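Here is the structure we will look at, set down as structure tokens.
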Amino acid sequence: MIKQYAKILLQWKWLALILVILAVGLAGSGAKNLTFNNDYKVFFNDDDERVLAFENLQDTYTKNDNILLGIAPKNGKVFTRETLAALEDITERAWKTPYSIRVDSLANYQHTESVGDDMSVANLYEEAKNLTDEELVKIEKIASNEPLLVYRLISEKAHMTAVNVTIEVPPDGEMGKIVPQVVAHARELKAYINETYPELDVYLTGIVMMNNAFAEASKYDMSHLIPLTFLMILIIVFLLLRSFSGVLATILVSLFSIITAMGLAGWSGIQLSPPVMSAPVIILTLAVADCVHILSTWMHQMRLGIEKKAAMVESLRINLAPVFLTSLTTAIGFLSLNFSDAPPFRDLGNISAMGVMAAFVFSVTLLPALATLLPSKVKKTDKKSILSGLMASLAEWVIVKQKVLLIGMTALTIVMIALIPTNELNDIYVEYFDERIKFRTDTDFVVKNMTGIYFVDYSLDSEKAGGVSEPAVLAQIDQFSEWLREQPEVIHVNTIADTFKRLNRNMHGDDQSWYRLPDSRELAAQYLLLYEMSLPYGLDLNNQIDIDKKSTRLSVTMKTISTKKVLAFEKRVDAWMETNTPLIKSVGASPTIMFAHIGMKNIKSMLTGTTIALVLISIILIVALGSVRYGLLSLVPNLVPAGLAFGFWAIIDGEIGLALSIVTAMTLGIVVDDTIHFLSKYIRARREQNLNAEDAVRYAFSTVGVALWVTSLALIGGFLVLSTSSFQLNAGMGLLTSIVIAFALLADFLLLPPLLIKLDGWLSGGEKDT
Amino acid sequence: MNKIMINVALPLVISVLTLNAMAETPEAKGLRIAKETDARDVGFGDSTADMMMTLKNRAGQTSTRKLHSKVLEGKGDGDKSLSLFNTPADVKGTSMLTFSHGLKADDQWLYLPALKRVKRINSRNKSGPFMGSEFAFEDLGSQEVEKYKYKYLREEACGKGWKCHVVERIPAYKYSGYSKQIGWTDTKEHRAVKIEFYDRKGSKMKTLVSSGYKQYLGKYWRPSVMSMQNHLTGKSTVLQWTNYKLGTGLSKRDFNKNALKR
């Protein structure tokens, strides 16, 4: 039947070519629907409880989305006429940022002080050019003693300052669409500052810059990784086949698979995000394996002297079923990513699965048509290659050392699996970008010199309208703030308690002994009203207090710490509030908290996905191999590689995050290919040629050994290219996947054969039953 | 003779009228309408009213405040106003006195009963928010003609069968929070139906819709509902006015620092 198909295909190859191109065009035109989603929230489900908590907090107060312009004077002094004057100008211009609703800087910080019997609420300074030396000293003294400012808008050493622009996505807008406009303006502003004030260095960070970095990291990857993968594939395929037309056909199959998959993604409404951008590299790498199998048999047949069309018919007869099977299992592995808690990985899984299936279709339509159409010269030869010789020696060695290998590999597996728990969960989202991305280096600078980018917000709820002015509530807010300030992770605490204390002091002639909380609710509420009535444009209290004055937001800025430490901090705060401040008990919400939980959540959900993929793949293997016992045995070489790889990872890296939690499921479908090829040849030798176990191992080595080496090398190479991604999630995933595939080869060559020989009795017992 | 007169005079009259209309620039027409609007409100003397303010945030939560407001019509200068806060309970008795000035910063005092003291609010906060609402002080203060530069845009229907002048106005006050406003004022009674506010970067920031206009003393129109929607943040504020009384005979003595404490 397959033979029939192959003959018809080669007869109508022009028609086949046209149909394939039409199909690719149709599917690929969906790419016009692809849009890039550059919002970090893309990593979370809409109904994730921590996302909802953070959304709710932001709806109650103002949004946290921001751009922070870190301003570092080259002379290391912020409090000079020149720098302060520049800050006024920059602050004024920052207001022009699209979608900005608030700008905070030293220049518009609302300093309150008592003037005679009245309270003055005014900018910390104005028209800096005309400030006297005494005034400069006074301004510096105020700013560096103001808890609202130090570590937030001014560094402790007063050598760096910042202008913070709060961005609010309008109710009918989307973050993804407004990011480029906001960033473009911020960069224009930076260029303006560099031009006008060459003595100032500018660093851009904040949530909006991070969102933008997702797109930029992806762009970098697209322009660097994909060409690199193509080049690598080109070299590997050429070295193996030494055929120009083979290389061309392979490249076209890969390219068409990518176009089809990305186009279908567009049609199905998938949005692009950094993890999705690794799909082209993955599809490219996997498509090559299909082509290599079909082309190498074809060339082999031609070397035996068979005409090229007939050789292709034979190649398809031999390869169509296994290529289909391996594509199917690979697709199942990718589809199991649908269990992931992070939508981008579901998208990655679906796109890759579509790409793998497209690659299968093209490698049994386009590839044969194209290969036989193009001129190809193959010398007839019966010389055995050096590689085949090496494979034969490897087989002998494995058979001789089978006992040692069995014990050694089992011991290695046990040790490695025992190491797995020493891996630590870690998702530091700032470090998702490596130093090639400007956002990372700018952020590192700002974090090192002034403030943190990690934060946790608490909505402290008194549960009564106006309750934030209640002395008992205020006392607990203050206690909580002071306790937080003692925590080693904490850089800055922004709390309304400080504002109340300051106002109380202002109302008593700036007498420091009155720097304490007001002692009656009425007094506190009226201070707040006075203050609220005095604030200028854009600086309302709503970023700290809800409209009912029932609850207040307390923001904790933190050092960039590991997930483990974030979780420990969260727990410690929880326990402390329970015993000390029960009136205002609440949970922390922020991207820091969201990312701290996503890794574990994803691992849990992926366990289900991996199990289902494993069961499905095992069933396919049992059917394909025609034996329950061989099917069960295949679990060993299918699972051991992931176990070895995660153990090995504990030694070389030791940190597991969001991206690595999907590797087991994803690689399952890929490593199973090696097992299928090796086992099917082994079984054929046992059943059809009645060879004993050891000879069957020799046969398997000699028939698929080289092909396994080549396809594994191509896969390892492809995923290693991915490991050079500037986006750490993709890079880590690429590296670990390469390791899994390398271990899969090890398991297939060194563990599976001794196992087959050892369990031969049990395995062939099963054969007699069926 | 008559026929000749018509034949000659009518085209002449028409062309003069047209020329006149053409001669009036959009700026001049805008200013003329603003003056007309201002003139319609002259002479109310003073007014008192109760106001309920309802704040709504993006999450849909609402919060209300109630206050009593007194206004004394200004002659030569802006109006004087006194607001007495009734709720929330913890600010009851707090009152605010404002002397509004066209292009200068307003003078403002706040009386805090818990401190038993009058405090002057010393800031250029006309552009700042009023009591945490979506209204800025400058949206609520008296609208003297010289506060803006005007440009007539067009005339169009604006609901209820009304026709409106659509006039763009650019604040003359240096510290205004707005780059421009576009106002819809009905052609017949000069009632402000709608105002769009554009922020300093030129984005449409807020829209104020005033409705439920009632006429007092047979002349002066006052809205009973003023609804301000912020397009940037999704927050909104609604002011509901009741018990309007005009010409109650208030005097300067009701609008000084001592009056605050009463």
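The values are calculated or read from the model by the stated rules, or taken from the named source; none is laboratory data. The shown structure was predicted, so the numbers you read here are calculated from the model rather than taken from an experiment. Glycine also receives a Cβ, built like all others from the backbone with ideal geometry; neighbour counts cover every protein chain displayed.
Looking only at region B:116-135, which residues are more than 7 Å from chain A (Cβ to nearest Cβ) and modelled with pLDDT of 85 or more?
Within region B:116-135, B:116, B:117, B:118, B:130, B:133, B:134, B:135 meet the criteria.
Checking residue A:761 against (1) out of contact with any helix residue (DSSP H, G or I) (no Cβ under 7 Å at 6 or more places or on another chain); (2) outside any helix (DSSP H, G or I): exactly one of these is not met. Which one?
(2)
Any idea how many residues of region B:66-109 are under 21 Å from residue B:177 (Cβ atoms) and within 12 Å of chain A (Cβ to nearest Cβ)?
7
Of the residues B:204, B:257, only one is within 14 Å of chain A (Cβ to nearest Cβ), in contact with a Leu (Cβ under 8 Å, 6 or more places away or on another chain) and not aromatic (Phe, Trp, Tyr); which?
B:257
Here are some residues: A:221, A:172. Which one is of a type in the set (Asp, Glu), surrounded by fewer than 20 Cβ atoms within 10 Å (Cβ to Cβ) and modelled with pLDDT under 90?
Residue meeting the stated conditions: A:172.
Just for region A:680-699: of the residues that are touching a residue at least 60 places away in the same chain (Cβ under 8 Å) and of a type in the set (A, V, I, L, M, F, W, C), which one is nearest to residue A:745 (Cα to Cα)?
Within region A:680-699, the match that is nearest to residue A:745 (Cα to Cα) is A:697.
Go through the residues of region A:617-638 one by one and say whether even a single one is more than 19 Å from residue A:732 (Cα to Cα) and of a type in the set (D, E, K, R).
Among the residues of region A:617-638, at least one is more than 19 Å from residue A:732 (Cα to Cα) and of a type in the set (D, E, K, R), which makes the answer yes.
Is it true that some residue in region A:581-599 is within 30 Å of residue A:101 (Cβ to Cβ), within 14 Å of chain B (Cβ to nearest Cβ) and within 29 Å of the chain's Cα centre (by Cα)?
yes
Scan region A:509-559 for residues that are in contact (Cβ under 8 Å) with a residue 12 or more places away in the chain and of a type in the set (Ser, Thr, Tyr) and jot them down.
A:515, A:520, A:527, A:531, A:534, A:551, A:552, A:555, A:557
Within region A:492-546, restricting attention to residues that are more than 13 Å from chain B (Cβ to nearest Cβ) and in contact with a strand residue (DSSP E or B) (Cβ under 7 Å, 6 or more places away or on another chain), which residue is farthest from residue B:98 (Cα to Cα)?
Restricting to residues being more than 13 Å from chain B (Cβ to nearest Cβ) and in contact with a strand residue (DSSP E or B) (Cβ under 7 Å, 6 or more places away or on another chain), the top hit is A:492.
Here is a list: A:76, A:70. Which entry is part of a loop (DSSP other than H, G, I, E, B), more than 10 Å from every other protein chain (Cβ to nearest Cβ) and either at pLDDT 90 or above or over 17 Å from residue A:205 (Cβ atoms) (or both)?
A:76 is the lone residue from the list that is part of a loop (DSSP other than H, G, I, E, B), more than 10 Å from every other protein chain (Cβ to nearest Cβ) and either at pLDDT 90 or above or over 17 Å from residue A:205 (Cβ atoms) (or both).
What do you reckon, is residue A:90 assigned to a helix (DSSP H, G or I), among the β-branched types (Val, Ile, Thr) and in contact (Cβ under 8 Å) with a residue 12 or more places away in the chain?
So residue A:90 fits the description; yes.
Would you call residue B:67 touching a residue at least 60 places away in the same chain (Cβ under 8 Å), assigned to a strand (DSSP E or B) and closer than 28 Å to residue B:235 by Cα?
Against the criterion (touching a residue at least 60 places away in the same chain (Cβ under 8 Å), assigned to a strand (DSSP E or B) and closer than 28 Å to residue B:235 by Cα), residue B:67 does not qualify.
Table: residues versus (1) closer than 30 Å to residue A:432 by Cβ; (2) of a type in the set (A, V, I, L, M, F, W, C); (3) assigned to a helix (DSSP H, G or I); (4) in contact with a helix residue (DSSP H, G or I) (Cβ under 9 Å, 6 or more places away or on another chain).
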| site | (1), (2), (3), (4) |
| --- | --- |
| A:255 | yes, yes, yes, yes |
| A:276 | yes, yes, yes, yes |
| A:293 | no, no, yes, yes |
| A:314 | no, no, yes, yes |
| A:335 | yes, yes, yes, yes |
| A:341 | yes, no, no, yes |
| A:347 | yes, no, yes, yes |
| A:351 | yes, yes, yes, yes |
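Of all strands (runs of 3 or more DSSP E) completely enclosed by region B:195-262, which ones contain at least 3 residues that are farther than 20 Å from residue B:131 by Cα and not aromatic (Phe, Trp, Tyr)?
B:236-246
Conditions: (1) over 30 Å from residue A:456 (Cβ atoms); (2) in contact with a Ser or Thr (Cβ under 7 Å, 6 or more places away or on another chain); (3) of a type in the set (Gly, Ala, Ser). Residue A:254 meets all but one. Number of the miss?
(2)
Determine, yes or no, whether residue A:468 is within 14 Å of another protein chain (Cβ to nearest Cβ), part of a helix (DSSP H, G or I) and hydrophobic (A, V, I, L, M, F, W, C).
Yes: the conditions hold for residue A:468.
Give the residues of region A:165-191 that are more than 17 Å from residue A:83 (Cβ to Cβ) and either of a type in the set (Lys, Arg) or outside any helix (DSSP H, G or I) (or both), sorted by residue number.
Selection gives A:165, A:166, A:167, A:168, A:169, A:170, A:171, A:172, A:173, A:174, A:177, A:187.
I need the full set of residues from region A:524-538 which are surrounded by 21 or more Cβ atoms within 10 Å (Cβ to Cβ) and not in a helix (DSSP H, G or I), in order please.
A:536, A:537
Of all the residues that make up region A:584-618, how many are over 28 Å from residue A:564 (Cα atoms) and either surrounded by 19 or more Cβ atoms within 10 Å (Cβ to Cβ) or in contact with a helix residue (DSSP H, G or I) (Cβ under 8 Å, 6 or more places away or on another chain) (or both)?
Selection size over region A:584-618: 6.
Kindly indicate whether any position in region A:66-74 is crowded, with 22+ Cβ neighbours inside 10 Å, more than 22 Å from residue A:543 (Cβ to Cβ) and among the β-branched types (Val, Ile, Thr).
Within region A:66-74, none of the residues are crowded, with 22+ Cβ neighbours inside 10 Å, more than 22 Å from residue A:543 (Cβ to Cβ) and among the β-branched types (Val, Ile, Thr).
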